[in-house]
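Structure first, commentary second.
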Amino acid sequence: MEIKVEADSNHVHEQNLPLLQDKDLPEIERKTLIQRAISQTFQSTAHLANLLPTGTVLAFQLLAPIFSNQGNCDPVSRSMTAGLLALCSLSCFLMSFTDSFRDKNGNVFYGFATIRGLWIIDGSATISPEFAAKYRIRFIDFVHAFMSILVFAAVALFDQNVVNCFYPLPSQEAQEVLTSLPVGIGVICSMLFIVFPTQRNGIGFPLSAK
């Protein structure tokens, strides 16, 4: 009988152990949710990149590990990485004002949207003022250009080489900002692009069938 009582008491003690460990569960669950959100966010980077010029994104993804020395930056590599970010941001801004059209033979011509209309970049085609006026610059183009810069900033913050270059040892508060800020930028800008879609087919963006 005593052996049975000891076994029962040991069984009760074993059942009580998980209850004593429940204090750590909220922290573990919180970390798991954060890691899951980060994983889903990294998967959404490709969707954010679709909102940017293809050439700019490819150039950034190719040159960022090289310029940043894979995150181990010295003053020179940090300056090169900052210059790369500035050039890519400028490219995203300017490409938002480009557009294209097809002629009767199916040839594609690219140009910049101006106040007067579309200006053909290489001057290989001549269009009438009435036709060019259809592509004149609008206020929504500046909105798309600004959002493109923000989306590129989010994509850059997802790149660990860039983050480690400028913030090699971030504090806990800085790490939270670096984790949550690109998520918020991506969600807000994606919603704005859906609500206010661009009608342009500029350089680096997919062409429409028309």
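The values are calculated or read from the model by the stated rules, or taken from the named source; none is laboratory data. Because the structure is predicted, anything quoted here is derived from the model rather than measured. A quick note on method: Cβ atoms are made from the backbone with ideal geometry, for glycine too, and the neighbour counts reach across all protein chains shown. Areas reflect the complete protein model, heavy atoms only, side chains present, ligands, DNA and RNA absent. Shrake-Rupley method; radii C 1.70, N 1.55, O 1.52, S 1.80 Å.
Determine whether LEU58 is within 30 Å of VAL162 (Cα to Cα), at pLDDT below 90 and open to solvent by 30 Å² or more (accessible area, probe 1.4 Å).
Judged against the criteria, LEU58 is a match.
From LEU192, LEU157, grab the single residue that is in contact with a Pro (Cβ under 6 Å, 6 or more places away or on another chain) and within 23 Å of MET95 (Cβ to Cβ).
The match here is LEU157.
Need the failing condition index for PRO168 against (1) surrounded by 13 or more Cβ atoms within 10 Å (Cβ to Cβ); (2) in contact with a Cys (Cβ under 9 Å, 6 or more places away or on another chain), just the number.
So PRO168 meets the others, but not (1).
Looking at this structure, is VAL143 open to solvent by 30 Å² or more (accessible area, probe 1.4 Å) and touching a helix residue (DSSP H, G or I) at 6+ places or on another chain (Cβ under 9 Å)?
yes
Assess whether ILE185 counts as being open to solvent by less than 40 Å² (accessible area, probe 1.4 Å) and within 21 Å of LEU90 (Cβ to Cβ).
Against the criterion (open to solvent by less than 40 Å² (accessible area, probe 1.4 Å) and within 21 Å of LEU90 (Cβ to Cβ)), ILE185 qualifies.
Test ILE194 against the criterion of being modelled with pLDDT under 85, under 26 Å from THR81 (Cβ atoms), open to solvent by 30 Å² or more (accessible area, probe 1.4 Å) and not basic (Lys, Arg), and give yes or no.
No; evaluated as a whole, the condition is false for this residue.
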